[in-house]
Amino acid sequence: MENLVKKAKAGDSGAFAQLIRMNTQSMYKVAWAYLKNDEDVADAIQETILKCYEKLSTLKKDSYFKTWMIRILINNCNEMLRHKGRVFPTMEMEEGIFEEPGYVDCEWKEILASLDEKYQVVMLLYYSKSLSVKEIAALLEISQNTVLTRLSRARKQLRAEYEGGYIHG
């Protein structure tokens, strides 16, 4: 990917287009987690692509292209939510977002919906997007320790709900 970023920075529009194609699914999943509306998701992605194209020369480390792009996308999503007056989005996710169909998807949506929003975001990025703690910290502009704390608290909250469901169920 770094080679494509170098080519794109040098003005190769084909390399930039390939970078976008490689990352479209990731952008869609993150944008959907925030916006839950296909039209808004499309707008956020389009705006992100435009900003990335215009600001590509400002990217300091080519190896961080995806992290940089997702950060721009998250900022765009948050801006759209602010304009709509929805400050705290839920993290409900669409059907079929994971490779395993049906039951696992529904269960994952329920699991995420039971968490506070700040925990939902780190869980989504860590487990669904397979981003590292360092990448999540950079994307959300929080410390790595904060990411680790949120992951730990989310797991504890899920464990308590899971165990509680079987006790009371």
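The values are calculated or read from the model by the stated rules, or taken from the named source; none is laboratory data. The structure displayed is predicted, hence computed values, not measured ones. Counting neighbours? That spans all protein chains shown, and the Cβs are built from the backbone with ideal geometry, glycine included.
Annotations
- Residue list for region 125-136, restricted to those being modelled with pLDDT of 80 or more and crowded, with 16+ Cβ neighbours inside 10 Å: Leu125, Tyr126, Leu131, Val133, Glu135, Ile136
- Ile72, sole failed condition from (1) modelled with pLDDT of 90 or more; (2) surrounded by 17 or more Cβ atoms within 10 Å (Cβ to Cβ); (3) touching a Leu at 6+ places or on another chain (Cβ under 9 Å): (3)
- In region 51-61, residue surrounded by the fewest Cβ atoms within 10 Å (Cβ to Cβ) [restricted to those that are outside any helix (DSSP H, G or I) and among the basic types (Lys, Arg)]: Lys60
- Hits in region 1-50 - residues which are within 21 Å of Lys84 (Cβ to Cβ) and surrounded by fewer than 14 Cβ atoms within 10 Å (Cβ to Cβ): Asp38, Glu39, Ala42, Gln46, Leu50
- Positions within region 128-155 being acidic (Asp, Glu) and closer than 18 Å to Asn23 by Cα, in sequence order: Glu135
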